[in-house]
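Following: one structure in structure tokens, then a few remarks.
The values are calculated or read from the model by the stated rules, or taken from the named source; none is laboratory data. Quantities reported herein were computed from a predicted structural model and do not represent experimental measurements. Cβ placement follows ideal geometry from the backbone for every residue including glycine, while neighbour counts extend to all protein chains displayed.
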Amino acid sequence: MLVPSRTARRVIHLLFLVAFVPVFALPFAVIVVASFAGAWSGALPSHPTLGNYAAATSGDSLHALLTSLITAVAASLIALTVGTWAALAADAAGRGLRRVLDGAFVLPVAVPSVVVGLGLLVAFSKPPLLLNGTPAIVIAAHTVLVTAFAYQSVRAAATRLDPAFAQAAAGLGATPLRVLLRIRLPLLLPSLTAAAGLCFALSMGELSATMMLYPPSWTPLPIRIFALTDRGSLFSGAALAVLLMAATLAVLLAVGRIRTRADHR
Amino acid sequence: MTALADSAVEAAAAEQPAGIRFEDVTVSYHGTTVLDGLTLDVRPGEVMALLGPSGSGKTTALRSVAGFVEPERGRIHLAGRDITELPPHRRGIGMVVQSYALFPHMRVDQNVAFGLQAQRVPRAEIPARVADALGKVGMADYARRHPRELSGGQQQRVAIARALAIRPRVLLLDEPLSALDAQLRTGMLAELARLHRELPELTILYVTHDQIEALTLADRIGVMRDAKLVDCGTAEELYRAPRDEFVARFLGGANLLPVRIVGDGPRAGTLAAALVGPDGVDASAEPLAVTGGGVAAGERALVCVRPHLLRLAGDAGLPGTVVEVQWRGAVHRLTVDVAGHAVTVDAPELKAPPAPGETVRLSVAAEDAVLLGSGRRG
């Protein structure tokens, strides 16, 4: 134990709470309170209402939530597939190719997302690859931005995986495909689900690149929240923000359950 | 070659007795040679142990048979067929590694069934084959457990069952007992010996750094050092007449005493040798009868005497001063200074062991004092 004294531990816990509550918890609490407010002119909100949620779960707002969910699921699945494939390829590759792949997949993290958005806009605005103005360009941008996280998560796990498992399977007569499907991927499942959760959460909250690319028919939730608050509808925006958090959290918890089951097998 | 043709070749090869032949097999990693020109025949149904210290190349030799390392030079044959280029999953070899590598996400029965499914054994046959394999290693009652619920010894048995379930012609064992404690290791050694009695047609290549495992199990032992095979023979050949100093010391512990040949011995095949002291001068007045040949009178050589073959004699034999006495239960281990050489003697428990400083005389039968490298051919 780092701090053996009980009193010292209590002081540290108190300090943590004093630092943690205002910085991390308070902004979330304010958003939740604001989502139920009709007005907020004094120190505390007034005119409590569920109207903000009624508006958030109908019309354009509901459409925005569905758009975000579809975009995040699609981007996460593509990112997970591409990232896993590349991570396994890097694991088997020579040192040179491994370095190239590691560098290529860290690039979207190093480059600001606005630059990624601009890059896609320029690249896909003319035939034959005309994606500008379609939902595909938004999904493509999210995929580019989150694949790096999938790659890095799976890559780290693949490096730690004892090659003896795959070799034992091959020695028993399993083809490389069977080794991948029955041994390597199941053993990598905890990191795959962790990567999926991370990709989903990042995609659900992505704003900068989406802002440059989204067509009017495909408005994800963060854009809708930004538009509402920009117009001064703070409480409607807060209700949507709570929905965004709740949807993301629900998916992360569901993915976490898969992970927990995989870990305990 | 097409997969179909390959399968046909494999099916035909399956009916031949399965020996392993290494032909000048060399493996290098990043410019470092880890296996240097290994040439060795493992006969069908034989247990061959590759014995050597860490880094001697024994595991690399085994992994090259399994197909996990690619030889830079040389060929490997299995049952007369060149398998050097064959991918691991087409070799039909069972292998048990040091860490067992049981699949943690599968139950014991699923682990054992894995190889059968991979080899497309008819689904209806699999449960019986799994039960048979688990029964052979006494693990039938643990079929529904996960590997993490088993002890090290139990995991080892499952790993063997998994390797045997596919009915391989060759079983590769890579230090399979090294993760077990001494008591379990002794038990598993007996189990492995029993298993081989039950499956006499199975060829086993056994890699170990433990000489007791090699001496207990192997029909023949290949001793490896610095990426090379330095000696190969039956356990008795290597033990009684080691080729060089390394083999003598590595296998069973030995007293290696420098001698000078002074003439013929009392019987055919023996020589008379005088013990040479650290100063290079003949130290024994009475010559020692040793077994060996090919060394002319006047030449120097090393004679190998195992500690338990030296006897405390009455008045005859080499005189020495007792330096240390250890009681080891069944034996007394004595360290005796003989003409400046520390000689180890394992004497059956002595009623009145000599005290340090006391003078004793040591004798050894001519056939138990063997000149290094002279006892065998090949």
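Please go through the stretch A:68-80 and pick out each residue that is over 17 Å from A:Ala250 (Cβ atoms) and surrounded by fewer than 21 Cβ atoms within 10 Å (Cβ to Cβ).
A:Ala74, A:Leu77, A:Ile78
Taking the stretch B:160-192, which residues are more than 12 Å from chain A (Cβ to nearest Cβ), under 28 Å from B:Pro44 (Cβ atoms), without any contact (Cβ under 8 Å) to a residue 60 or more places away in the chain and not small (Gly, Ala, Ser)?
B:Leu177, B:Arg185, B:Met188, B:Leu189, B:Glu191, B:Leu192
Checking B:Pro53 against (1) away from chain A (no Cβ under 13 Å); (2) touching a helix residue (DSSP H, G or I) at 6+ places or on another chain (Cβ under 8 Å); (3) not in a loop (DSSP other than H, G, I, E, B), only one condition comes out false. Which one?
With (1) away from chain A (no Cβ under 13 Å); (2) touching a helix residue (DSSP H, G or I) at 6+ places or on another chain (Cβ under 8 Å); (3) not in a loop (DSSP other than H, G, I, E, B) applied to B:Pro53, the lone miss is (3).
Table: residues versus (1) more than 18 Å from A:Asp162 (Cα to Cα); (2) more than 8 Å from chain A (Cβ to nearest Cβ); (3) in contact with a strand residue (DSSP E or B) (Cβ under 6 Å, 6 or more places away or on another chain); (4) touching a residue at least 24 places away in the same chain (Cβ under 8 Å).
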| residue | (1), (2), (3), (4) |
| --- | --- |
| B:Gly80 | yes, yes, no, yes |
| B:Pro87 | yes, no, no, no |
| B:Gly92 | yes, no, no, yes |
| B:Ser99 | no, no, no, yes |
| B:Val108 | yes, yes, no, yes |
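Quick check, is A:Ala164 assigned to a helix (DSSP H, G or I), within 9 Å of another protein chain (Cβ to nearest Cβ) and either closer than 30 Å to A:Met245 by Cβ or at pLDDT below 95 (or both)?
Yes: the conditions hold for A:Ala164.
What about B:Arg81, is it under 23 Å from A:Arg182 (Cα atoms) and of a type in the set (Lys, Arg)? First the steps, then the outcome.
On the way: under 23 Å from A:Arg182 (Cα atoms): no; of a type in the set (Lys, Arg): yes.
No; evaluated as a whole, the condition is false for this residue.
Please return the ranges of helices (runs of 4 or more DSSP H) entirely within the stretch A:1-56 where 3 or more residues are in contact (Cβ under 8 Å) with a residue 40 or more places away in the chain and within 33 Å of the chain's Cα centre (by Cα).
A:26-35, A:51-56
Looking at (1) within 27 Å of B:Thr216 (Cα to Cα); (2) over 21 Å from the mean Cα position of the chain (by Cα); (3) more than 12 Å from chain A (Cβ to nearest Cβ), can you tell me which one B:Glu70 breaks?
(1)
Among the residues of the stretch B:270-289, which ones are in contact with a strand residue (DSSP E or B) (Cβ under 7 Å, 6 or more places away or on another chain), at pLDDT 80 or above and not hydrophobic (A, V, I, L, M, F, W, C)?
B:Thr270, B:Pro287
Taking only the stretch B:129-159 into account, find how many residues are in contact (Cβ under 8 Å) with a residue 12 or more places away in the chain and in contact with a Phe, Trp or Tyr (Cβ under 9 Å, 6 or more places away or on another chain).
Of the residues in the stretch B:129-159, 10 are in contact (Cβ under 8 Å) with a residue 12 or more places away in the chain and in contact with a Phe, Trp or Tyr (Cβ under 9 Å, 6 or more places away or on another chain).
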